[in-house]
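Scroll down for the structure; my scribbles are underneath it.
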Amino acid sequence: MKDLIKKLPKAELHLHIEGTLEPELMFRLAKKNNIYIPYKTVKEVKKAYNFSSLQSFLDIYYAGAKVLITEEDFFDLTWEYLLKCKEQNIVHTEIMFDPQTHTCRGVKFKTVVNGITKALEKAKDELEISSFLIMSFLRHLSQEEAFATLKEAEPFKEKIIAIGLDSSELGNPPKKFKDVFNEAKKQGYKLVAHAGEEGDVSYIWGALDILHVDRIDHGIRCDEDNRLISYLKEKQVPLTICPLSNVKLKAVKSMEKHNILKLLKQGLNVTVNSDDPAYFGGYLNENYEVLVESLGMSEEELKRLVENSFKASFLSI
Ligand code: HPA
Ligand code: ZN
């Protein structure tokens, strides 16, 4: 199965580029840019990556992102991930980035987008990897700040396919971003949102009914509502699920208890993704591998999940 997982061409649909920052690159950039990070060795970093919740992860993830300053830094970060894609036979990837994590620190919007897109263009030419970019709003910030970010994106509109919503879910429901998502849809963006990762089913319903998203990121708590399961099945709304992330952030007690294959059996359009691979102990193939090890995933299930990764992508629009 490990060979088959590696051999199959795959698409990845839920990946935060800031979450691909490996400790080695973090150290190199911290030194180059003279930024303080609270670790001395890779071993110390790995020890700190022991999370109790989404928030405990986000605190460390935002601190790590502070080493990213120049366009070249964003290029290097993205290029390293794309090399990993090549190694893992990921032929298409839809990458999220959080501009506010950087503009808040005085890094220019164009520095972030240009660095990332230069790497994406090089990967198209040299690695034969296609990609789209998804700009995510940080939901712990205000809707006004999201509107300001949408405005900043205007000159780069042709480089960004969709708008997303991430960061601290609890206490920041979809309705907080109703107007800005409405405006983004009017401007022609596709829409996605994290929902039902830690939040209950009301967050998933809100993303569907209030934000009108095309895909749900995570969505694993959907199994708490039979009507929601029927809706997701009937409409084939994609769920971009991230098994290693869910266990690492304690959204799920153990991999053996993960519901991804149960949802697949029920006919939902579920996909496998890596979320923040540098922090959660594995890239895309490792996420598929744990499903074999812990849930006994069959070859047929693997093929269906891989098929779904293309079916649920924005390539099919
Ligand atoms: N959830 C919410 N926000 C995030 C995540 C996540 O899994 N990863 C990076 N930002
Ligand atoms: Zn995510």
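Coordinate-derived values only; no laboratory data. Since we're looking at a predicted model, the values are computed, not measured. Please note: Cβ atoms are built from the backbone with ideal geometry, for glycine as well, and neighbour counts cover all protein chains shown.
Here are a few things to note about the model shown:
- Between residue 298 and residue 200, the simple label model (points 7 Å from Cα in the Cβ direction) yields a spacing of 3.6 nm.
- Extension reserve of the residue 236-residue 28 stretch, reckoned as 0.36 nm per residue once the Cα distance is removed: 70.5 nm
- Cα-projected label distance for residue 140 with residue 128, points at 7 Å along beta-carbon direction, nm: 4.3 nm
- Of the peptides 153-166, 201-214, the ranking by mean beta-carbon count within 10 Å, highest at the top, reads 201-214, 153-166.
- Farthest towards the positive end of the charge dipole of the stretch 252-317, among the residues 291, 316, 272, is the Cα of 316, using unit charges on the Cβ of Lys, Arg, Asp and Glu.
- Net length gained if the chain between residue 1 and residue 212 were fully extended (0.36 nm per residue, minus Cα distance): 72.2 nm
- The stretch 259-317 shape via C-alpha gyration tensor axes, a/c threshold 1.5: oblate
- The label-point distance for residue 266 and residue 104, in a model that sets each label 7 Å from Cα toward Cβ, rounds to 3.4 nm.
- Across the cross-link table entries 176/248; 10/253; 66/235; 7/118; 233/303, which are compared at the Cα atoms, the separations over 29 Å belong to 66/235.
- Spatial offset of the stretch 239-254 relative to the stretch 58-93 amounts to 21 Å, using the alpha carbon center of each.
- Backbone N atoms of the stretch 167-200 closer than 13 Å to the 7 Å Cα→Cβ label point of residue 157 belong to residues 183-190.
- Sorted largest first, extent of the stretch 202-317 alpha carbons per principal axis (Å): 35, 29, 25
- Normalised Debye scattering of the chain at q = 0.09 Å⁻¹ gives log10 I(q)/I(0) of -0.41, counting only Cα atoms as equal scatterers and leaving out solvent.
- Among the chymotrypsin sites (Phe, Trp or Tyr not before Pro) within the stretch 16-59, those in coil by DSSP and having at most 13 neighbouring Cβ atoms inside 10 Å are 36.
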